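**Student:** Have a look at this one before I ask anything.
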Amino acid sequence: MSNDRKEGVMSKEEALEKAKSLATPIDFDALVAEGILEKKGAGYKILDMERLPDHAKDKITEISSDGKIKFSKATKSAQKLVDKLSK
């Protein structure tokens, strides 16, 4: 991080990377097949956090007391932001 960046202010590049992450859909079937996630009712249990892709980590919305994780979906608004910031 550069010294001229104000604390709490995200650069355009950082905003673009976060928007790309939020716009990337999670392939749950592949993550289950690879042993990274296990399906648990309406949520999932993370079996290998180190192998969970960053774009999936960015979408964790809820962790219940029994270890179930819920994820947000990739959004069109995030993709629009990617398109806008990429110009």
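**Student:** Restricting attention to region 6-19, does a residue exist that is of a type in the set (D, E), over 14 Å from the mean Cα position of the chain (by Cα) and open to solvent by 80 Å² or more (accessible area, probe 1.4 Å)?
**Tutor:** Yes, that holds for at least one residue.
**Student:** Could you list, in sequence order, the residues of region 62-87 that are over 16 Å from A23 (Cβ atoms) and β-branched (V, I, T)? Full working, then the answer.
**Tutor:** Within region 62-87, the subset over 16 Å from A23 (Cβ atoms) is 62-70.
Answer for region 62-87, where residues must be over 16 Å from A23 (Cβ atoms) and β-branched (V, I, T): I63, I69.
**Student:** Within region 28-87, track down each residue that is in a strand (DSSP E or B) and under 11 Å from the mean Cα position of the chain (by Cα).
**Tutor:** Just the residues of region 28-87 that are in a strand (DSSP E or B), to begin with: 37-40, 43-46, 60-63, 69-71.
Scanning region 28-87 gives I60, T61, F71.
**Student:** Pull out all pairs, ordered by first then second residue, where Cβ-Cβ is under 9 Å, the residues are six or more apart or on different chains, the first lies in region 56-77 and is of a type in the set (S, T, Y), and the second is in a strand (DSSP E or B) and open to solvent by 70 Å² or more (accessible area, probe 1.4 Å).
**Tutor:** So the pair list comes out as T61/K70; S64/K70; S72/T61.
**Student:** To continue, here is another question. The conditions are (1) open to solvent by 90 Å² or more (accessible area, probe 1.4 Å); (2) out of contact with any strand residue (DSSP E or B) (no Cβ under 8 Å at 6 or more places or on another chain), and P53 fails exactly one of them. Which is it?
**Tutor:** Checking P53 against (1) open to solvent by 90 Å² or more (accessible area, probe 1.4 Å); (2) out of contact with any strand residue (DSSP E or B) (no Cβ under 8 Å at 6 or more places or on another chain), the one that fails is (1).
**Student:** Another question about this same structure. Has region 28-37 got any residue that is acidic (D, E) and within 20 Å of L16 (Cβ to Cβ)?
**Tutor:** no
The values are calculated or read from the model by the stated rules, or taken from the named source; none is laboratory data. No experiment lies behind these values; they were computed from the predicted model shown. Note that each Cβ is placed from the backbone with ideal geometry, even for glycine, and that neighbours are counted across all protein chains shown. The area values use the complete protein model at the heavy-atom level, side chains included, leaving out ligands, DNA and RNA. Shrake-Rupley method; radii C 1.70, N 1.55, O 1.52, S 1.80 Å.
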